[in-house]
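As structure tokens, the structure follows; a few thoughts come after it.
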Amino acid sequence: MNNIVWHQHTIDKHTRAEQKSQKPLVIWFTGLSASGKSTIAGALEQILTHQGYHTYLLDGDNVRHGLCKDLGFSDADRKENIRRVGEVAKLAADAGLIVLAAFISPFKADRQIVREILPEDEFIEVFVDASLEVCQQRDPKGLYEKALRGEIKKFTGIDSPYEAPQDPEIHIHADRDSVAEAVNQLLAYLDSSGALKSGYEPVKISA
Ligand code: ADP
């Protein structure tokens, strides 16, 4: 980046975060398609918003309609997809927001790049873990069925690999635990790491 110098503006991340009375964060959900990333991230976002936090949910399917609509699913395009989204998440955290990012993000190295562009205590990796069998049974968009018929190529879990995180901040067992249990696990982690202002109300779990 020759001749391009970073401009340090007067209003900075700290000011924006203080105005919102919150700690900016990137909560990064990774897992197979249909593991529950969007569902759990959306449920957590609802709770945080009702409790007065300022959030932004970046969703894998949605960004491919705009920001990343020129990208496909080759390894190189997946890498570029995550690089762009990581930069957007960083900008949104810089704006003082709690960012929830729900992306398959199958490659460890790409998730690591996002981790490294953020301050250490602002990146929370959440492994939404559900077995391939369960994801295939859920298949809410019929994508596994298409992939198995060969109509979608390079589908994660079928003919493209998923590299599970080895040491995520949070490991959700989304084929065992309910969405409410997953949200409570997330809230408990955020609370214990000091990210929440004054405790939290657990989500009621109906029998
Ligand atoms: P992803 O974003 O990982 O592709 P989605 O959230 O879009 O996954 O889809 C997951 C599907 O599984 C949804 O239809 C959701 O209602 C269902 N589901 C069933 N049980 C759970 C659970 N415990 N956690 C998350 N999703 C679940």
Quiz item: Going by the structure shown, is L25 open to solvent by less than 60 Å² (accessible area, probe 1.4 Å), at negative phi and away from the ligand (no atom under 16 Å from the Cβ)?
Solution: yes
Quiz prompt | Unique residue being among the aromatic types (F, W, Y) and within 12 Å of the ligand (Cβ to nearest atom) when the list is Y189, Y144 | solution = Y144
Exercise. Kindly list the number of the only condition in (1) part of a loop (DSSP other than H, G, I, E, B); (2) in contact with a Phe, Trp or Tyr (Cβ under 7 Å, 6 or more places away or on another chain) that fails for A195.
Key: (2)
Quiz item: Do any helices (runs of 4 or more DSSP H) entirely within segment 29-109 hold 2 or more residues that are within 11 Å of the ligand (Cβ to nearest atom) and either within 28 Å of Y144 (Cα to Cα) or open to solvent by 40 Å² or more (accessible area, probe 1.4 Å) (or both), and if so, which?
Solution: 37-50, 60-63
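Residue-by-condition table, conditions (1) modelled with pLDDT under 95; (2) closer than 18 Å to V134 by Cβ:
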residue: T10; (1), (2): yes, no
residue: E18; (1), (2): yes, no
residue: S21; (1), (2): yes, no
residue: V26; (1), (2): no, no
residue: F29; (1), (2): no, yes
residue: L32; (1), (2): no, yes
residue: G36; (1), (2): no, yes
residue: T39; (1), (2): no, yes
residue: H50; (1), (2): yes, no
Self-check item: One residue from A174, A164 being surrounded by 15 or more Cβ atoms within 10 Å (Cβ to Cβ), within 14 Å of the ligand (Cβ to nearest atom) and either in contact (Cβ under 8 Å) with a residue 60 or more places away in the chain or of a type outside the set (F, W, Y) (or both)
Solution: A174
Practice problem: Could you list all residues from segment 1-22 that are part of a helix (DSSP H, G or I) and open to solvent by 100 Å² or more (accessible area, probe 1.4 Å)? | Solution: H14, E18, Q19
Quiz item: Pairs under 8 Å by beta carbon, first residue touching a residue at least 40 places away in the same chain (Cβ under 8 Å) and among the acidic types (D, E) in segment 136-147, partner more than 9 Å from the ligand (Cβ to nearest atom) and in a helix (DSSP H, G or I), six or more apart or different chains?
Solution: D139/E145
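The values are calculated or read from the model by the stated rules, or taken from the named source; none is laboratory data. What you see is a predicted model; the values in this text were computed from it and never measured. Backbone-built Cβ (ideal geometry, glycine too); neighbour counts: all protein chains shown. These area figures cover heavy atoms from the full protein model, side chains too; ligands, DNA and RNA do not enter into them. Shrake-Rupley method; radii C 1.70, N 1.55, O 1.52, S 1.80 Å.
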